[in-house]
Amino acid sequence: METVLLVLPLFALIFLGYGLRKTSFLSSQFAFEANRLVYYITLPATIIAEMIKIAPEDLGRPELVIGYPLVVILTAALALALSLLIRYERRGAFAQICYRANLAYFGLPIASTAFGAESLAFISVIIAIGIIINTALSITVLKLLSPQEDRTSIRARLATVVRNPLIIAVALGLGIGFSGITLPGVVIDTVELIGRISLPLVLLVVGFSLSFSRLGGSLPVNLVAAAIKLAAMPLIAYAVLTGVFGAEGLIRDVTVVMSAMPTAAVSQSFAARFGADEQVTAAGVSLNTLLAMLTVPLWLAVV
């Protein structure tokens, strides 16, 4: 119960961000600039600061590097099977809502607050792995299910993964950590201080992006997608981590909670690129985020 109470202020920040948009207290330009600051500066700083500390043997643990991708693939397979029951033009959007979790903007601040500083390195690895598996899987799923083809080549799309600032931050942090280089204390302190800006700012941005105006026409589809994303996916994570890898403790709990995060907003840009139903995707992201304020505390209580 203490853990649940600990993260409730984080959800309050999301509501604050939503309220600031609805009252026009802050402009959309603020959200755009704040998002850039988080994406290119503060989140990478957080990840670099933590990846420096990770032990090489941790990256050799299959439950950490294989566990989450397996969870994503199994959830995507379930989503694809259920998508056959809905209209063809909505299948790609539905499937993507079901498995693509908001790991960086939602997962990192909540999971790190719940599990403490010692979890940040594991969370950073899951974020990096998630970027890779989600990008590759979304390209595959949307090309299979969407009525329109994206003109961007698969090679160009995957190249954006390599240029992703969070992936670069993981590689840079690991490179420094494994090389044995000791950074001056003032450098580490500065990077960590920059990283601390992420937690409140990223949650305000999440709240600012919420919109429920287009939810009505796709509510049944999005409720099913939310059930898969917020309930089935963390259950699959628990089953995979315990049943397949025999994992327990921090890695298992972090993976389960990260799997319980709502759908990532980047799903909307992928839907637009591949001609998937943008209305279903946008509404699904907002509904998932709203419901996650109820389900994530429950999963935290469980683990």
message = Residues to consider are V280, V266, V221, V240; find the one that is in contact with a Lys or Arg (Cβ under 8 Å, 6 or more places away or on another chain), at pLDDT 90 or above and under 29 Å from K143 (Cα atoms).
response = V221
task = For I176, state whether it is surrounded by 15 or more Cβ atoms within 10 Å (Cβ to Cβ), part of a helix (DSSP H, G or I) and without any contact (Cβ under 8 Å) to a residue 40 or more places away in the chain.
result = no
The lone exception for L210 - which of (1) part of a helix (DSSP H, G or I); (2) of a type in the set (A, V, I, L, M); (3) within 22 Å of A12 (Cα to Cα) it fails = (1)
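Does A111 satisfy being in a helix (DSSP H, G or I), surrounded by fewer than 17 Cβ atoms within 10 Å (Cβ to Cβ), hydrophobic (A, V, I, L, M, F, W, C) and at pLDDT 85 or above?
On the way: in a helix (DSSP H, G or I): yes; surrounded by fewer than 17 Cβ atoms within 10 Å (Cβ to Cβ): no; hydrophobic (A, V, I, L, M, F, W, C): yes; at pLDDT 85 or above: yes.
Against the criterion (in a helix (DSSP H, G or I), surrounded by fewer than 17 Cβ atoms within 10 Å (Cβ to Cβ), hydrophobic (A, V, I, L, M, F, W, C) and at pLDDT 85 or above), A111 does not qualify.
Anything in segment 1-48 that is farther than 29 Å from V302 by Cα and of a type in the set (A, V, I, L, M, F, W, C)? List them, or say none.
Residues of segment 1-48 that are farther than 29 Å from V302 by Cα, as a first pass: 19-42, 44-45, 48.
Correct list: L20, F25, L26, F30, A31, F32, A34, L37, V38, I41, A45, I48.
From A93, A101, which residue is among the small types (G, A, S), touching a Leu at 6+ places or on another chain (Cβ under 9 Å) and crowded, with 21+ Cβ neighbours inside 10 Å? Working first, answer last.
On the way: A101 fails: touching a Leu at 6+ places or on another chain (Cβ under 9 Å).
Going through A93, A101 in turn, just one is among the small types (G, A, S), touching a Leu at 6+ places or on another chain (Cβ under 9 Å) and crowded, with 21+ Cβ neighbours inside 10 Å: A93.
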key: Residue that is surrounded by the most Cβ atoms within 10 Å (Cβ to Cβ), among those in segment 25-65 that are farther than 22 Å from S211 by Cβ and free of Cβ contacts under 8 Å to residues at least 60 places away in the same chain   = A55
Count of residues meeting criterion [in contact with a Ser or Thr (Cβ under 6 Å, 6 or more places away or on another chain) and of a type in the set (A, V, I, L, M, F, W, C)] in segment 39-58 = 3
ask   = Name the residues in segment 182-199 that are under 23 Å from A31 (Cβ atoms) and out of contact with any Leu (no Cβ under 6 Å at 6 or more places or on another chain), would you?
value = I194, G195, R196, I197, L199
request  = Select the helices (runs of 4 or more DSSP H) contained entirely in segment 1-104, then report the ones holding at least 2 residues which are in contact with a Pro (Cβ under 9 Å, 6 or more places away or on another chain).
outcome  = 2-22, 43-51, 88-99
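Of all residues in segment 215-243, count the ones that are outside any helix (DSSP H, G or I) and without any contact (Cβ under 8 Å) to a residue 60 or more places away in the chain. Break it down into steps so the answer makes sense when it comes.
Pass one, segment 215-243, residues outside any helix (DSSP H, G or I): 215.
Narrowing further to those that are without any contact (Cβ under 8 Å) to a residue 60 or more places away in the chain: none.
Residues in segment 215-243 being outside any helix (DSSP H, G or I) and without any contact (Cβ under 8 Å) to a residue 60 or more places away in the chain: 0 in total.
Conditions tested, residue by residue: (1) within 19 Å of the chain's Cα centre (by Cα); (2) among the acidic types (D, E); (3) farther than 19 Å from I129 by Cβ; (4) buried (at least 21 other Cβ atoms within 10 Å of the Cβ).
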site: G246; (1), (2), (3), (4): no, no, yes, no
site: V254; (1), (2), (3), (4): yes, no, no, yes
site: M258; (1), (2), (3), (4): yes, no, no, yes
site: P262; (1), (2), (3), (4): yes, no, no, yes
site: S269; (1), (2), (3), (4): yes, no, yes, no
site: G275; (1), (2), (3), (4): no, no, yes, no
site: Q279; (1), (2), (3), (4): no, no, yes, no
site: A282; (1), (2), (3), (4): yes, no, yes, yes
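The values are calculated or read from the model by the stated rules, or taken from the named source; none is laboratory data. Because the structure is predicted, anything quoted here is derived from the model rather than measured. With ideal geometry, Cβ positions are generated from the backbone for all residues, glycine too; neighbour counts draw on all protein chains shown.
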